[in-house]
Amino acid sequence: MNNIKIAPSILSADFSKMGEEVKSLEESGADVVHCDVMDGVFVNNITFGIKMVEDLRKITSLPLDCHLMIVHPEKYVERFAKAGADIITVHWEACQDNLKEVLELIKSTGVKCGAVINPDTPVSKIADVIPTCDMVLVMSVFPGFGGQKFIPEALDKLREVKAIVEKCGKTIDIEIDGGVSAANVAEVKAAGANVIVAGSAVFKAPDRAKTIAELKA
Ligand code: DX5
Ligand code: ZN
């Protein structure tokens, strides 16, 4: 099995002290910083963009996992890459006709790429691009907000993605995002996820290091 990485989502951080929040993740043993970029069009929420990634890059060496919940991601890929993203993931729902090209564009910038599917999108929609991805992200909530309830149907989709990844014989990370906590992390790992996004579970925890360790164990 791939090694488990915990990717706290800074969507649940205090934006007025983002630098300290990311430093605290680093000290608490996080493996990745999950950056939820929302444009108010693809989802009903607005967060932050390229400048945040650029500024976080100056203060942390943790990989920056940029989850783009935006329309026309191809317009911004190069700037996120230049800002210091380590991986950029794009939704099938945002680029149904050009997902393959967008993934190639991401790779051409030297950054890792990933495809994302919403809870109501079947794995079959991205099956053909999975072998070209560094990571596949299965959403276990509808994107837009932290603190939502885990949709258990995502477990079957993780198993389906895992079967495709194993068949193609490449090292491809499988990420799960939405409603993950210590209560269900064992299930998502058993279903095949190795990159675990956790927003509210980490940021609301009284002891972040303990929570990250629990998620990882
Ligand atoms: C939802 C975001 C998630 C979210 C996860 O649109 O993509 O990354 O912040 O937060 P929790 O873990 O609280 O569901
Ligand atoms: Zn996310």
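The values are calculated or read from the model by the stated rules, or taken from the named source; none is laboratory data. All values reported here derive from a predicted model rather than from experimental measurement. Glycine also receives a Cβ, built like all others from the backbone with ideal geometry; neighbour counts cover every protein chain displayed. Note: areas computed on protein heavy atoms with side chains; ligands, DNA, RNA excluded. Shrake-Rupley method; radii C 1.70, N 1.55, O 1.52, S 1.80 Å.
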Problem - 3J(HN,Hα) from dihedral phi, region 58-66, Karplus parametrisation 6.51/-1.76/1.60, rounded to Hz, x for glycine, proline - result: 6, 10, 9, 9, 5, x, 9, 9, 9
Practice task
Go through LYS125/LYS204; LYS58/LYS149; LYS5/LYS204; LYS51/LYS204; LYS58/LYS204 and tell me which ones have a Cα-Cα distance over 31 Å in this structure.
Solution key: LYS125/LYS204; LYS58/LYS149
Problem - region 4-163, accessible surface, carbon-and-sulfur percent (1.4 angstrom probe) - result: 50
Handout entry: Restricting region 184-217 to trypsin sites (Lys or Arg not before Pro) in coil, as DSSP defines it, with at most 15 other Cβ within 10 Å
Key = LYS204
Practice task
Report the relative contact order of region 77-201, percent, no decimals, based on alpha-carbon pairs under 8 angstrom and at least 6 residues apart.
Solution key: 20
Fill in the blank from the handout: Cα-Cα longer than 26 Å, checked against LYS157/LYS216; LYS82/LYS167; LYS107/LYS162; LYS23/LYS162; LYS17/LYS112, kept in input order, equals LYS82/LYS167; LYS23/LYS162; LYS17/LYS112
Practice task
Could you state how much accessible area ILE59 has, in square angstrom rounded to the nearest 10, with a 1.4 Å probe and all protein chains kept in place?
Solution key: 60
Exercise for the section: Please give the FRET efficiency for GLU78 paired with ILE46, using the beta carbon to beta carbon distance and R0 = 30 Å, rounded to the nearest 0.05. Expected result: 0.90
Problem - Accessible area of the chain divided out per residue, in Å², using a probe of 1.4 angstrom - result: 44
Exercise for the section: Please tell me the relative contact order of the chain in percent, rounded to the nearest whole number, where contacts are Cα pairs under 8 Å and at least six residues apart. Expected result: 21
Completion exercise
extent check for the chain: Cα max minus min per principal axis, descending, whole Å, gives 42, 36, 30
Exercise for the section: Mind putting a number on the dipole of the chain about its Cα centre? Charges go on the C-beta only, +1 for Lys and Arg and -1 for Asp and Glu, and I need it in Debye to the nearest 20. Expected result: 280
Completion exercise
Full extension between GLU214 and ALA183 adds, at 0.36 nm per residue less the Cα distance, a length in nm of 10.2 nm
Exercise for the section: Putting +1 on Lys and Arg Cβ atoms and -1 on Asp and Glu Cβ atoms, find which of LEU215, GLY199, ALA85 reaches farthest to the positive end of the dipole of region 5-216. Expected result: LEU215
